[in-house]
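The values are calculated or read from the model by the stated rules, or taken from the named source; none is laboratory data. Given the structure is predicted, the values throughout are model-derived calculations rather than measurements. Ideal geometry is used to build each Cβ from the backbone, glycine not excepted, and the neighbour counts take in all protein chains shown.
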Amino acid sequence: MLQQVLARLERFGAEQDPAVVLAPEALVELDALLEMAPDPAADLQVAYAAGLLRWVRFLVLDDGDDQQELDAALALFAPLYQVNPGAVPDPVRALFEQSRPDVSDPAQAAVAQAVALLHETLRTGDPATLNTAIGLFLQAVTATPTNHPNRAGYLSNLGTALDPVRAGGGAG
């Protein structure tokens, strides 16, 4: 599946046709890739390919329709940026450098990835993706001191993910 996503990106690079990355099949391939590697941070090739597909989709979508793609791309690129900042596209690196404290905080990085996965769950209804998001939210909550200003937001995110009606399915 990794090769299919990379081939799609290569074809987009050659043709510059937005339909190549906006086609429903692109998301099917992306979902299959992320299913095969549910923790992209553990497989940086998957994180790169999935992040790049989301990034390119962000670039070609109209303003207002692209925020979910940007959020997902940044969440996927975050672990790669932490290991090798030069491996992410220059504009992504610039975004990370503007918010360096956020990227270097493991709890905030976990929340960013969990939010992207929660958006995926809302789109696909996949309980495995939801469970991964819940785990990341829980990781962020447990790693954050009780008096930290972001803890309440992390708890709220965890509550949203645990609510099967709002999260698009149950954690099972």
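Here are some notes:
- Some residue of the range 111-123 being at pLDDT 85 or above, outside any loop (DSSP other than H, G, I, E, B) and either assigned by TED's automatic domain parsing to the domain that holds MET36 or surrounded by fewer than 22 Cβ atoms within 10 Å (Cβ to Cβ) (or both): no
- Some residue of the range 84-99 being in a helix (DSSP H, G or I) and crowded, with 22+ Cβ neighbours inside 10 Å: yes
- Filter pass, GLU69 being surrounded by fewer than 17 Cβ atoms within 10 Å (Cβ to Cβ), assigned to a helix (DSSP H, G or I), without any contact (Cβ under 8 Å) to a residue 40 or more places away in the chain and of a type in the set (D, E, K, R): no
- Within the range 5-46, the set of residues being in a loop (DSSP other than H, G, I, E, B), over 17 Å from the mean Cα position of the chain (by Cα) and among the acidic types (Asp, Glu) comprises ASP17 only.
- Condition broken by ALA14, with the remaining ones in (1) exposed (fewer than 13 other Cβ atoms within 10 Å of the Cβ); (2) at pLDDT below 90 satisfied: (2)
- Within the range 139-157, considering residues that are in a helix (DSSP H, G or I) and either among the β-branched types (Val, Ile, Thr) or closer than 29 Å to VAL28 by Cβ (or both), the one modelled with the lowest pLDDT: ASN157
- Number of positions in the range 18-27 that are over 21 Å from THR124 (Cα atoms) and touching a Lys or Arg at 6+ places or on another chain (Cβ under 8 Å): 0
- Unique residue being β-branched (Val, Ile, Thr) and surrounded by fewer than 16 Cβ atoms within 10 Å (Cβ to Cβ) when the list is VAL46, VAL28, VAL56: VAL28
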